[in-house]
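The values are calculated or read from the model by the stated rules, or taken from the named source; none is laboratory data. What you are looking at is a predicted structure, and each value in this text was computed from that prediction instead of being measured. Methodologically, a virtual Cβ is constructed for each residue, glycine included, from the backbone with ideal geometry; neighbour enumeration extends over all protein chains shown. What goes into the accessible areas is simple: the full protein's heavy atoms, side chains included, and nothing from ligands, DNA or RNA. Shrake-Rupley method; radii C 1.70, N 1.55, O 1.52, S 1.80 Å.
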Amino acid sequence: MAVLSTGSAFAQTPPARKQLLQQILPATSIEEVRMDEITFAPGQGAPLHHHPCEVYGYIISGEILYQPEGETAVLLHAGSAFREAAGKNISIFKNAHDDKPASFMAMYLLKKDQTYTIINK
């Protein structure tokens, strides 16, 4: 458990903190982190795909319809965090709106020089 120091940097009032996601990591060797900001045009989405690594994300703006294979689809709103398990097919990941863009941040936990997204054919 991480502890926030109350030293001189926050002598008055500590910054507001909101936990978005906490996840136990599977046993893996992480050697590289890649973080991307991705923007989908109105109605745009990703094809059926998976990641050979763990992926953690945060919806910056708009809404994303998200459905890992075999699970119920959920609507992720701005401020939502999500996890895509390594090797799990993602059936739906798309901008839920046809009239405005949606953006999100994706953080890939990789081995050195590992491919981070695989489009299923």
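A few comments on the model shown:
- Evaluation of D98 against (1) open to solvent by 60 Å² or more (accessible area, probe 1.4 Å); (2) outside any strand (DSSP E or B); (3) closer than 27 Å to T28 by Cβ; (4) of a type outside the set (S, T, Y) (one fails), failing number: (3)
- From I90, I64, residue being open to solvent by less than 30 Å² (accessible area, probe 1.4 Å), closer than 21 Å to K121 by Cα and not basic (K, R): I90
- Unmet criterion (only one of (1) among the hydroxyl-bearing types (S, T, Y); (2) open to solvent by less than 40 Å² (accessible area, probe 1.4 Å); (3) out of contact with any Lys or Arg (no Cβ under 6 Å at 6 or more places or on another chain); (4) within 19 Å of Q23 (Cβ to Cβ)) for S103: (4)
- Residue among G79, G70 that alone is out of contact with any helix residue (DSSP H, G or I) (no Cβ under 7 Å at 6 or more places or on another chain), loosely packed, with under 14 Cβ neighbours inside 10 Å, under 21 Å from I118 (Cβ atoms) and modelled with pLDDT of 95 or more: G70
- Qualifying residue in segment 6-28 (condition: at pLDDT 95 or above and open to solvent by less than 70 Å² (accessible area, probe 1.4 Å)): no
- The lone exception for T72 - which of (1) of a type in the set (S, T, Y); (2) touching a Cys at 6+ places or on another chain (Cβ under 7 Å); (3) without any contact (Cβ under 8 Å) to a residue 40 or more places away in the chain it fails: (2)
- Test: residue in segment 38-58 that is over 19 Å from S91 (Cα atoms) and part of a strand (DSSP E or B): no
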